[in-house]
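The values are calculated or read from the model by the stated rules, or taken from the named source; none is laboratory data. None of the values given here were measured: they were computed from a predicted structure. FYI the Cβ positions are ideal-geometry reconstructions off the backbone, even for glycines, and counts take in every protein chain you see.
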Amino acid sequence: MPASEAQIVPLYTGEPEIVAPVAASKFKGDLATSVWLPNEAVAWAWAQYVKDTAVADTTPPPAPANLQVNGNELTWEAEADLESGLAGFIIERDGQFLANLPAEGKNPFGRVIFQNLQYSDTPPQPLVQMRFTDSSAEAGKTHQYRVIAVNTVGLKSK
């Protein structure tokens with residue numbers, strides 16, 4: 001990574017204000033109690049995250065792909081939302097809301113995340129599957145389904 005863009009952010013101490021990142025070449029503080037980050041954008045996101053996990057995100061998550069319907073079971077694939085993470089999915093049947101997955105998210109460490117978290121950023125195993133069973137579908141009737149990704153700030157995929 002280019003060192004010329006590096007930023008230093010002091011460790012968060014619980015102060016209500018975010019400490020502004022400083023160019024590494026101009027930093028005068030204690031490096032042993034600071035965090036090195038590759039550029040200003042990442043440094044600001046890091047400073048916000050360690051304060052309250054509420055990183056700003058103005059872009060919707062990528063749309064799920066490869067939706068497969070086998071009987072009344074749906075499976076799909078989804079890419080990560082790198083800015084704020086995926087909170088879950090909205091399942092629609094025939095253009096109408098059917099369910100949220102997960103029905104109720106849990107995360108004792110910040111925003112609700114689809115895969116949940118341990119104390120670190122590692123999801124618990126086994127990973128939550130991108131799978132939904134439509135138990136209220138009428139037998140023998142053909143339905144159209146759509147899966148919408150929702151990130152942790154509430155933005156929905158296309």
> Of everything in segment 37-87 that's within 12 Å of the chain's Cα centre (by Cα) and on the phi > 0 side of the Ramachandran plot, which residue is surrounded by the most Cβ atoms within 10 Å (Cβ to Cβ)?
Replying inline: GLY85
> Just one of the numbered conditions (1) assigned to a loop (DSSP other than H, G, I, E, B); (2) under 21 Å from ARG131 (Cα atoms); (3) modelled with pLDDT under 90 is not true of PRO62; which one?
Replying inline: (3)
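On the basis of being in contact with a Gly (Cβ under 7 Å, 6 or more places away or on another chain) and either under 30 Å from SER157 (Cα atoms) or free of Cβ contacts under 8 Å to residues at least 12 places away in the same chain (or both), does THR58 make the cut?
No.
Being surrounded by 14 or more Cβ atoms within 10 Å (Cβ to Cβ) and either of a type in the set (Val, Ile, Thr) or at pLDDT below 90 (or both) is true for just one of ASN107, ASN100. Which residue is that?
Values: ASN100 fails: either of a type in the set (Val, Ile, Thr) or at pLDDT below 90 (or both).
Step by step, each of ASN107, ASN100 is checked, and only ASN107 is surrounded by 14 or more Cβ atoms within 10 Å (Cβ to Cβ) and either of a type in the set (Val, Ile, Thr) or at pLDDT below 90 (or both).
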>> With the structure loaded, tell me whether ALA20 is modelled with pLDDT under 90, part of a loop (DSSP other than H, G, I, E, B) and within 18 Å of ASN151 (Cβ to Cβ) or whether it fails that test.
In response: no
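Test ALA78 against the criterion of being outside the structural domain of ILE8 (by TED's automatic domain parsing), in contact with a strand residue (DSSP E or B) (Cβ under 7 Å, 6 or more places away or on another chain), within 22 Å of GLN144 (Cβ to Cβ) and of a type outside the set (Lys, Arg), and give yes or no. Working first, answer last.
Working: outside the structural domain of ILE8 (by TED's automatic domain parsing): yes; in contact with a strand residue (DSSP E or B) (Cβ under 7 Å, 6 or more places away or on another chain): yes; within 22 Å of GLN144 (Cβ to Cβ): yes; of a type outside the set (Lys, Arg): yes.
When the stated conditions are applied, ALA78 passes them.
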>> Among the residues that make up segment 44-52, is at least one of them modelled with pLDDT under 80, among the β-branched types (Val, Ile, Thr) and not in a loop (DSSP other than H, G, I, E, B)?
In response: yes
>> Please count how many residues of segment 88-107 are under 15 Å from the mean Cα position of the chain (by Cα) and aromatic (Phe, Trp, Tyr).
In response: 1
